[in-house]
Amino acid sequence: MSLISIKFSSDCGGKLNNTSIELALEKLGYDFSIFDLDDFVDYVAGDVRREIIVRPRVLEKRVTGIWVKADTAHYVFYNSTLHRIHQIHSILHELAHIVLRHPPKPLDEIFSKDLLKDYDLIPFVGMARSIDILQHNDPHEVEAETFVYTIQGQLTAADRLKILTGQATSIEGFKVFADIVGYADRKRS
Amino acid sequence: MSGQTIAILAVWITVGFVLIRSTYHSDASHHDKWIIRLQVILFAIAFSLWGENTELQIDRYFNDYPVTLFIKTLSLLSVSVLYHDMLKSIRQASSPLRILDYLGVFIPIIATLAFTFYVVTGIPDRQSLRFIVIGFRDATICFFSIAHFIPGSWWMYKQESIPAMKVKALCMSACFTCFCITAIGSISAAGLAIANLEGAYSVSTALQPFIYIAIILFVLQLTPHRWFSWLIQSGRLRDYYRLKHLENYIANYAYMPDMPQIPWYDLLKASQLELAVYRSLIMILDYYPLLDKQGKAGFVYQQLAQHSEEAKDYAQLIRQIVKIRL
């Protein structure tokens with residue numbers, strides 16, 4: 001699957017088209033209006049019927065995340081030295097491989113033996129998100145990346161709604177007054 | 001229908017909106033609701049009684065005593081005291097100057113005593129009295145503004161992370177600043193009246209255009225967020241193009257695989273623009289480690305590494321990165 005053939009939906013919060021990614025998300029059935037990362041990890045674990053353990057690791061800057069398919073669980077390692085938003089993106093990228101059922105590769109095809117030893121990942125299979133791998137345009141990596149952007153499209157649409165209909169101010173002491181004046185509509189339960 | 005009548009109607013419609021909202025759509029406490037209600041009602045009363053002609057027309061029914069001026073003065077000073085209390089509550093802090101708390105108690109007493117004194121003694125020069133009362137009123141509100149309202153609004157602007165509320169905090173800061181500028185005229189007129197010198201009227205009206213700006217800003221900050229969305233959108237578009245410029249700079253040092261681009265017309269939609277900003281940021285964070293570590297590229301690398309480490313959240317990271325100049 002080449003990059004050009006992947007259709008990026010310009011209306012991620014609306015009507016679905018026939019890409020494999022959006023079909024996979026529809027099948028997953030997760031409500032992104034209440035997205036929480038830990039909750040999403042648990043949800044995917046339930047979907048694939050295998051525990052998913054997310055852990056920080058000190059990795060070099062070029063490597064943002066690693067998925068390891070072990071015997072009893074999936075492991076997602078994210079680079080603890082990165083900014084939180086970058087970490088979340090990498091975690092979602094690795095989760096995408098799991099959701100999209102991408103076949104894992106022997107990790108010694110991705111990393112050198114020395115690096116694998118440093119990361120304590122011998123002799124597992126999985127996938128990794130790194131600059132070198134992204135630059136190779138591997139179809140599964142492109143698909144995983146597009147999966148994350150599709151999720152983010154749904155999240156930004158939901159966030160936009162939240163800004164308009166939810167929290168009026170981030171200043172705690174001002175919230176009650178902002179609500180009285182009606183700065184942002186509030187959904188009443 | 002005159003411009004002033006239309007403006008008065010607009011202010012009362014806004015008051016009506018706030019009253020309905022506070023009555024039927026808010027779970028706030030009785031006390032908090034009344035702080036807001038009183039401020040908007042008193043402001044609307046003072047605004048409705050604007051102008052010397054209005055004062056003369058109404059005072060006819062009160063034996064030509066300056067009742068209207070008294071009501072306006074008391075209303076505006078009370079709004080200041082209420083806003084001062086509200087701002088303390090918002091900031092969860094005590095008053096920046098203790099005297100501001102005492103003014104809240106003494107102002108109504110002083111104003112009432114002064115009015116009673118006028119009624120009893122019958123000071124003949126009504127025009128001079130008017131300049132002196134307005135000058136005293138504006139000086140007091142100016143004192144509140146400089147001591148608390150302007151720094152308080154600026155504090156809210158700094159603390160706030162919701163873009164629309166940041167705009168409103170700026171509106172309030174600008175509103176009080178415009179008022180203080182107008183107050184220079186009225187305080188100077190009061191000085192001239194006390195000194196029995198000519199020119200008080202000219203001085204009092206010279207800076208009056210600023211009060212119209214202040215009123216517009218005051219009403220604007222009462223409006224719902226979505227009315228500001230166009231302003232926020234244009235600022236976000238600027239952020240996107242700055243990120244894209246940085247992304248293209250990094251592409252000179254690193255091969256970046258092409259990702260499907262969001263069409264320019266889709267960038268006019270807020271959610272699509274936000275997604276475009278996010279995507280550009282991720283590309284920058286992914287590939288900046290490939291920048292040269294020397295020279296200008298090295299400087300950009302260091303800036304990105306620093307911001308990536310220090311920015312406490314996504315919003316701050318974007319704010320810091322878009323400031324990087326190439």
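Could you go through segment B:208-224 and let me know if any residue there is in a helix (DSSP H, G or I) and over 30 Å from A:Phe174 (Cβ atoms). Yes, segment B:208-224 contains a residue that is in a helix (DSSP H, G or I) and over 30 Å from A:Phe174 (Cβ atoms).
Return yes or no: is B:Ser204 polar (S, T, N, Q) and touching a residue at least 60 places away in the same chain (Cβ under 8 Å)?
On the way: polar (S, T, N, Q): yes; touching a residue at least 60 places away in the same chain (Cβ under 8 Å): yes.
Criteria met by B:Ser204.
In the set (1) facing chain A (nearest Cβ under 10 Å); (2) crowded, with 16+ Cβ neighbours inside 10 Å; (3) not aromatic (Phe, Trp, Tyr), the condition left unmet by B:Leu49 is number (1). Just one of the numbered conditions (1) within 28 Å of A:Glu141 (Cα to Cα); (2) within 28 Å of the chain's Cα centre (by Cα) is not true of B:Ser308: (2).
With a cut-off of at least 1 residues that are farther than 21 Å from A:Gln87 by Cβ, name the helices (runs of 4 or more DSSP H) lying wholly within segment B:235-326.
In segment B:235-326, B:270-287, B:295-310 are the helices (runs of 4 or more DSSP H) which contain 1 or more residues that are farther than 21 Å from A:Gln87 by Cβ.
When segment A:60-96 is examined, which residues are found to be in contact with a Lys or Arg (Cβ under 8 Å, 6 or more places away or on another chain) and of a type in the set (D, E, K, R)?
In the first step, residues of segment A:60-96 are kept if they are in contact with a Lys or Arg (Cβ under 8 Å, 6 or more places away or on another chain); the result is A:63-66, A:72-82, A:90, A:93-94.
Of everything in segment A:60-96, just one residue is in contact with a Lys or Arg (Cβ under 8 Å, 6 or more places away or on another chain) and of a type in the set (D, E, K, R), namely A:Glu94.
Counting only residues that are under 21 Å from A:Ala157 (Cα atoms) and modelled with pLDDT of 90 or more, which one in segment B:284-318 is nearest to the other protein chains (Cβ to nearest Cβ)?
B:Leu317
Looking at this structure, is B:Arg60 at pLDDT 90 or above, among the basic types (Lys, Arg) and exposed (fewer than 12 other Cβ atoms within 10 Å of the Cβ)? In short, yes.
For the condition surrounded by 16 or more Cβ atoms within 10 Å (Cβ to Cβ), closer than 20 Å to B:Lys72 by Cβ and within 14 Å of another protein chain (Cβ to nearest Cβ), what is the one hit in B:Val11, B:Val40? So that I can check it myself, show each step before the final result.
Values: B:Val11 fails: within 14 Å of another protein chain (Cβ to nearest Cβ).
Just one listed residue meets the conditions, B:Val40.
Just to be sure, is B:Ile262 over 30 Å from B:Ala174 (Cα atoms) and β-branched (Val, Ile, Thr)? For B:Ile262, the condition - over 30 Å from B:Ala174 (Cα atoms) and β-branched (Val, Ile, Thr) - is met.
Counting only helices (runs of 4 or more DSSP H) that sit wholly inside segment B:107-203, those with at least 1 residues that are in contact with a Phe, Trp or Tyr (Cβ under 8 Å, 6 or more places away or on another chain), farther than 17 Å from B:Lys72 by Cβ and of a type in the set (A, V, I, L, M) are B:150-159, B:163-194.
Any chance segment A:82-104 includes a residue that's at pLDDT below 90, surrounded by 16 or more Cβ atoms within 10 Å (Cβ to Cβ) and more than 18 Å from B:Asp286 (Cα to Cα)? Even if it seems obvious, please write down each step before you answer.
From segment A:82-104, those at pLDDT below 90 are none; that's our starting set.
So far as segment A:82-104 goes, no, none of its residues is at pLDDT below 90, surrounded by 16 or more Cβ atoms within 10 Å (Cβ to Cβ) and more than 18 Å from B:Asp286 (Cα to Cα).
The number of residues in segment A:142-182 being at pLDDT below 65 and part of a loop (DSSP other than H, G, I, E, B) comes to 2.
The values are calculated or read from the model by the stated rules, or taken from the named source; none is laboratory data. Everything numeric in this text was worked out from a predicted model, so none of it was measured. Here Cβ is always computed from backbone atoms with ideal geometry, including for glycine, and neighbour counts include all displayed protein chains.
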